[in-house]
Amino acid sequence: MTDSIYDITIIGGGPVGMFAGLYAGLRDANFQIIESLSELGGQVNALYPEKTLLDIPGQAAIKGRNLVDNLQQQLDTMNGDINLNETVTNIVKSDNVFNITTNKGTSKSKAIIIAVGNGAFNPRKLMSDGADQFEGNQLVYTAKNLDQFKDKTVLVAGGGDSAIDQALMLEKTAKKVYLLHRRNEFRGLEHMVDLLKKSSVELITPYLIKELKAAEHDQVTVVAKKMKTDDDFKEINVDKILVNYGFISNNKDMDNWNIDLEEDHHATKVNPLLESNIHNVYAVGDQAKYDGKQTIIATGFGEVPITVNAIMNDLYPDNHTPIHSTQLSN
Ligand SMILES: Cc1cc2nc3c(=O)[nH]c(=O)nc-3n(C[C@H](O)[C@H](O)[C@H](O)COP(=O)(O)OP(=O)(O)OC[C@H]3O[C@@H](n4cnc5c(N)ncnc54)[C@H](O)[C@@H]3O)c2cc1C
């Protein structure tokens, strides 16, 4: 952080916050991004880097991690400050400048773009006996890199879309994939459930993971108990366990920012320019709420130029607003 006053502070470095940085740079804004995680990329990087996204305009099919890499390359062409491992805890307006407080210090900015998604997120943990000792090694909550599952025996736990996607994705890489779920029915798209049933993924239902125990060769014994029984147990030795019980997100930090939030989803209410109830505080991406809002990346990308140009028009009314980032002729 610097002592200077930023034109724009972007809170949250997910895909939409990253694009906001690029666009702020294209407008010659003096900007910073503040991101609470150790890496940029938000949900895409933290939750599904190996997923192939089909709805990013201009990309026939792109893996989450490659989308984040591309956004990073674009962002690197700009001179903004990127502050990682830093969480914004408060913003207070005084004399048309915002004082931003984080867990690491303070900074000042003339405008703010809130791009915090649903807030900071953490995986819903496996609470079974013995689970703690394997966390981060044999037990993981996201498939960060498919190579770690190559030729391994893997157990995926969970019954939603994401668990099914991951089991099918791992089927191509792993030696053997089990999918364990506490119900017989899966909560996935019908097409994906059909694929799952035709796949080589072995379904273990209706079972719950009771305990994890160390086994030979760095393996883990998964002790699973059949639902509604007391003594029907199964033991499976695996190299990796990928738990997919969803994520818990919260943006409690925003409670003190005096921003009008939409009640159910804790998202920011915005006007058609994506501005909140506070002048020069905008919201984009999953955090912005208005009628018809779709929380997908393409929507968030589309919101960014609207907010950045509105801010720059307000701060520097004599500068003209560009329609395109480049011109065909002078
Ligand atoms: C499993 C799954 C699959 C998906 N598949 C698709 C898909 O195929 N196509 C698609 O378009 N969308 C998909 N989405 C939705 C997509 O991921 C979101 O729409 C997108 O990530 C929103 O981007 P964002 O930048 O607004 O927020 P996020 O990606 O949530 O990023 C917000 C960032 O803000 C940070 N942050 C939060 N609070 C603070 C704070 N106080 N201070 C500093 N930093 C903070 C967080 O750490 C996070 O990095 C999927 C989502 C999930 C969960």
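Only Lys, Arg, Asp and Glu carry charge here, each on its Cβ (+1 for the first two, -1 for the last two); on that basis the stretch 104-178 has a dipole of about 440 debye about its Cα centre. Ranked by solvent-accessible area (1.4 Å probe, protein heavy atoms only, all chains present), the residues L208, L261 order from largest to smallest as L208, L261.
Taking the Cα atoms only, what angle lies between the long axis of helix 15-26 and the longest principal axis of the chain, rounded to 10 degrees? Roughly 30 degrees, rounded to the nearest 10. Cα-based radius of gyration for the chain, normalised by 2.2 N^0.38 Å, reads 1.14. For the cross-link pairs K240/K293; K144/K197; K172/K213; K104/K293; K63/K152, the ones whose C-alpha atoms lie over 29 Å apart are K240/K293; K104/K293.
Placing +1 on the Cβ of every Lys and Arg and -1 on the Cβ of every Asp and Glu, with nothing else charged, gives the stretch 125-243 a dipole about its Cα centre of roughly 220 debye.
Put a plus charge on the Cβ of each Lys and Arg, a minus charge on the Cβ of each Asp and Glu, and nothing anywhere else: the dipole of the chain about its Cα centre is then about 840 debye.
Taking Cβ atoms as reference points and 12 Å as the exclusive limit, the residues near K225 contribute a net charge of -1, counting Lys and Arg as +1 and Asp and Glu as -1. Put the Cα centre of the stretch 218-248 next to the Cα centre of the stretch 169-214 and the gap is 11 Å. Each peptide in 86-96, 307-317, 46-56, 109-119 was scored by the mean count of other Cβ atoms within 10 Å over its residues; highest first, the order is 109-119, 307-317, 46-56, 86-96. Determine the relative contact order of the stretch 150-227: mean sequence separation of Cα pairs under 8 Å and six or more apart, normalised by residue count, in whole percent. 27 percent. Mind giving me the FRET efficiency for T101 and S200? R0 is 51 Å, r the Cβ-Cβ distance, nearest 0.05 is fine. After rounding to 0.05, the efficiency reads 0.45. Here the chain exposes an accessible surface that is 46 percent carbon and sulfur, computed with a 1.4 Å probe and the other protein chains kept in place. A dipole drawn for the chain from +1 and -1 charges on Cβ atoms has a positive end, and of N118, A143, T153 the residue lying farthest that way is T153. In order along the stretch 200-213, the phi-based Karplus estimate (6.51 cos²θ - 1.76 cosθ + 1.60, θ = phi - 60°) of 3J(HN,Hα) comes to 8, 5, 8, 8, 10, 9, x, 10, 10, 6, 8, 7, 10, 10 Hz; Gly and Pro are listed as x. A viscosity of 1.002 mPa s and a temperature of 20 °C, combined with the Kirkwood radius over Cα pairs in Stokes-Einstein, give a translational diffusion coefficient for the stretch 82-145 of 141 µm²/s.
Residues in the chain average 52 Å² of solvent-accessible surface per residue, probe 1.4 Å, ligands and nucleic acids excluded.
Output the 0 to 90 degree angle, nearest 10, between the alpha-carbon long axis of helix 297-315 and the longest principal axis computed from the alpha carbons of the chain. Here the helix axis deviates by roughly 20 degrees.
If a/c stays under 1.5 just call it rounded; otherwise compare a/b with b/c (prolate if a/b is bigger, oblate if not). Do that for the stretch 10-161, with a ≥ b ≥ c from the square roots of the Cα gyration tensor eigenvalues. Verdict is oblate for the stretch 10-161.
For L84, neighbours were defined as the other residues whose beta-carbon sits under 13 Å from its Cβ, and their charges (Lys and Arg +1, Asp and Glu -1) total -3. For the stretch 125-243, the equivalent ellipsoid derived from the Cα gyration tensor has semi-axes of 20, 18, 12 Å, listed largest first.
Charge tally around Q138: other residues with Cβ under 9 Å, Lys/Arg +1 each, Asp/Glu -1 each, net -2.
The values are calculated or read from the model by the stated rules, or taken from the named source; none is laboratory data. All values reported here derive from a predicted model rather than from experimental measurement. Cβ sites come from the backbone with ideal geometry, for glycine too, and all protein chains shown count toward neighbours. Accessible surface areas use protein heavy atoms only, side chains included; no ligands, DNA or RNA. Shrake-Rupley method; radii C 1.70, N 1.55, O 1.52, S 1.80 Å.
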